[in-house]
Amino acid sequence: MKLAVIGDLDFVTGFMLAGIVDIYEVSKDEEIFRAVQDVLNRKDIGVVAIKAEFLKKLPAALRREIEERVEPTFIAVGATGGVEEIKEKIRKAIGVELWK
């Protein structure tokens, strides 16, 4: 499974430098929806790092769908909640608690 990233240029640059190739650089709100839909339609994406403020701009029904899906697992980066939220999403995605 691959990692995809959705965000503006400042957000995605570090991921690009790390070698991530499934990058969705968006600059307009309507592009966020299209990028998320594209990721949801792909079978090779397992985890999506998305800029937290972009996740908040999605329609409520789509946010709910993202939260309930196991794959791909969306991780909002830059939001409050930090490590504990990421741990919970990983536990939900793979079904195992990695940290005790």
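No value in this document is a laboratory result; all are computed from the given coordinates. Model, not experiment: these values are computed from the prediction. Cβ atoms come from the backbone with ideal geometry, glycine included; neighbour counts cover every protein chain shown.
Taking the charge dipole of the chain about its Cα centre, with +1 at Lys and Arg Cβ atoms and -1 at Asp and Glu Cβ atoms, the residue from Val5, Val21, Val47 reaching farthest to the positive side is Val47. Candidate membrane-span-like segments in the chain, meaning DSSP H helices with Cα atoms spread over at least 18 Å of their own axis and a Kyte-Doolittle mean of -0.5 or above, are 29-41, with no membrane implied.
For the stretch 1-50, the gyration tensor built on C-alpha atoms gives an oblate shape. Its axis ratio a/c (a ≥ b ≥ c) is at least 1.5, and a/b is not larger than b/c. Between Glu88 and Lys28, the contour length at 0.36 nm per residue exceeds the alpha carbon distance by 18.6 nm.
Counting every other Cβ atom within 10 Å of each residue's Cβ, Arg34, Arg63 order from fewest to most as Arg34, Arg63. In the chain, the ratio of gyration radius to Kirkwood radius, Rg to Rh, stands at 0.94 when only Cα atoms are counted. Sorting Glu71, Glu25 by the number of Cβ atoms found within 10 Å of their own Cβ, with the fewest placed first, yields Glu71, Glu25.
Only helices enter this figure: runs of n ≥ 4 DSSP H residues, each worth -39500 (n - 2.57), summed and divided by the residues of the chain, yield -14500 deg cm²/dmol at 222 nm to the nearest 500.
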